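Data block below; observations after.
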Amino acid sequence: MQADDLAYFDSEEFHAILNQYEESLESGLPVYIDADDLADIADYYQYNGYPEKARSAIDLALEYNPEAVGPLLFKAREAIMSNDFETAERYAEKIEAVDTLEAVYLKGEIMICEEKADEADKYFIEQMKDIMTDELPDYIYDVANIFSDYELHDKAFQWMARSKGDNSDSFKELMAHTLIGLGKYKDGERIFNELIDHDPYSTRYWNALANAQLMREDYSAAITSSEYAIAIDPNDPGGLLSKANCLYNLANYEEALKYFKRYSEQVDEDELGHLYQGTCLINLGRFKEAVDVLTKARDIASPDSQFLPEIYQELAFGYCDLGETDKALQCLDNAIQQDSDQTNIEIIKGHILLTGERIDEAIGHFKEALKLSECSPKAMLRIIVSLYDNKYTVTSYTFLKLLLKDMDDDWTDGYSYMALCCCNLGKNEEFMHYLKLATEKNPREARNVLSGLFPKGMEPNEYYQYTMNKFNKQ
């Protein structure tokens, strides 16, 4: 969705139309609103996770005006999301009779969704010859935005490079998102800071800045940015979600849970908030509550939700920790039906069966996972972690030693678990060796795995020296 659209959703003009629509529905009186305004309302509902409300608004719009471009575009994109490209093409033909340029954008979008991005690129370039000179900057921006929407950031950047002298906030915002998509986080942050200087009360800018900082794993800065968004609007879903994600990544599950709850209070129909409430509760050992909230996440998720596999997997962990092994396995069977990673499912099944002391069955699933993954080191590491979680500490230590000695210097995973095994087994020299490697090679894993050994809030880069000082005092 374009930055201009999001800005419009924040405007007083749009909220006046939205309020008029919702008041009419509530009172039961007829709705007298333009069809394209109803399409905007539908887009707003869709963007904020209310698909049924969006569909009602668009159906009403088409009743009023079957040829209105906005509602036809909405229906076309609905067809695209269902991979019904023939229907989408038919809508494109209808739109072409009314608005040639919108039809061009839609046809290119269909090609992208058919995995023909290069063909779409050539098509957009070919159409440029029919664009008036004064309309060219808008055309370039719109095409770049389409590629950005589908996370084709390299192509978005190439199109933006064609623009001459566009210094608008919307162009800057799109460039910032594109740079962040290309992994150039600092450059994207710099632009968002410029935009914030221009409009310091934009929750959208603050949230985008927070997300860029989150991607860069600068959690402290990301929390600060999300707090600015929350200060501007205490009920801003983006700010609440950003802060919740930061706290979760810092393993501060108690506080993260509070903010995921606040997010769900604002966007109750979004399964994501309920999913991560459940994940926090599992990490806090509150398994019954976790199952209840994850069940809600499952029930409100649409059948094609990208989060369903993860919901079923977390439900499986919840039931596992409650000792309900068969229910946990059923959840994993449901996850498989959602096209989940089969190797991942086999490892989780093995873990659940191991927890339920069904050791022979667990070994069978672990073997299957290794077969499917062709004995990938990542699959082996996850099996070793499962053994550790189930108190097979000596076995975990032995397997980790074998795994890590064959790894190249650029391998970063597993050192924190090895440090933990050494700590539990009283192998202090080895513990110090692997602690140093863990904090240098993979600070995120070190925080997630080892933070319980250190004072709350301590950063991974402080773990080694803290432990050295502690041993020296003994």
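The values are calculated or read from the model by the stated rules, or taken from the named source; none is laboratory data. Every value quoted in this text rests on a predicted model; they were computed, and no experiment measured them. Here the Cβ positions follow ideal geometry from the backbone for every residue, glycine too, while neighbour counts run over all protein chains shown. Ligands, DNA and RNA are excluded from the accessible area calculation, which covers all protein heavy atoms including side chains. Shrake-Rupley method; radii C 1.70, N 1.55, O 1.52, S 1.80 Å.
Quick notes
- Every test in (1) open to solvent by 60 Å² or more (accessible area, probe 1.4 Å); (2) within 26 Å of residue 265 (Cβ to Cβ) is passed by residue 297 save one, and that test is (1).
- Residues satisfying the stated conditions in region 215-237, i.e. open to solvent by 30 Å² or more (accessible area, probe 1.4 Å) and part of a helix (DSSP H, G or I): 215, 220, 224, 227, 228, 231, 232, 237
- For region 263-277, residues that are part of a helix (DSSP H, G or I) and surrounded by fewer than 20 Cβ atoms within 10 Å (Cβ to Cβ) total 2.
- Being more than 21 Å from residue 80 (Cβ to Cβ), of a type in the set (Ser, Thr, Tyr) and in contact with a helix residue (DSSP H, G or I) (Cβ under 6 Å, 6 or more places away or on another chain) is a property that residue 133 lacks.
- Among (1) open to solvent by 50 Å² or more (accessible area, probe 1.4 Å); (2) over 31 Å from the mean Cα position of the chain (by Cα); (3) among the acidic types (Asp, Glu) - the single one residue 408 does not satisfy: (2)
- Number of the condition not met by residue 468 [criteria: (1) crowded, with 17+ Cβ neighbours inside 10 Å; (2) more than 28 Å from residue 284 (Cβ to Cβ); (3) not aromatic (Phe, Trp, Tyr)]: (1)
- Only one of 94, 107 that is in contact with a Leu (Cβ under 7 Å, 6 or more places away or on another chain) and of a type outside the set (A, V, I, L, M): 94
- Residue check, residue 441 more than 27 Å from residue 367 (Cα to Cα) and surrounded by 14 or more Cβ atoms within 10 Å (Cβ to Cβ): yes
- One residue stands out among those in region 47-57 that are closer than 19 Å to residue 19 by Cβ and not hydrophobic (A, V, I, L, M, F, W, C): the one that is most open to solvent (accessible area, probe 1.4 Å), which is 47.
- Verdict on residue 362 being closer than 22 Å to residue 249 by Cβ, over 26 Å from the mean Cα position of the chain (by Cα) and open to solvent by less than 40 Å² (accessible area, probe 1.4 Å): no
- Filter result for residue 331 (in contact with a Leu (Cβ under 7 Å, 6 or more places away or on another chain) and at pLDDT below 95): yes
- Considering region 379-391, and only residues there that are open to solvent by 70 Å² or more (accessible area, probe 1.4 Å) and modelled with pLDDT under 95, the residue that is nearest to the chain's Cα centre (by Cα) turns out to be 389.
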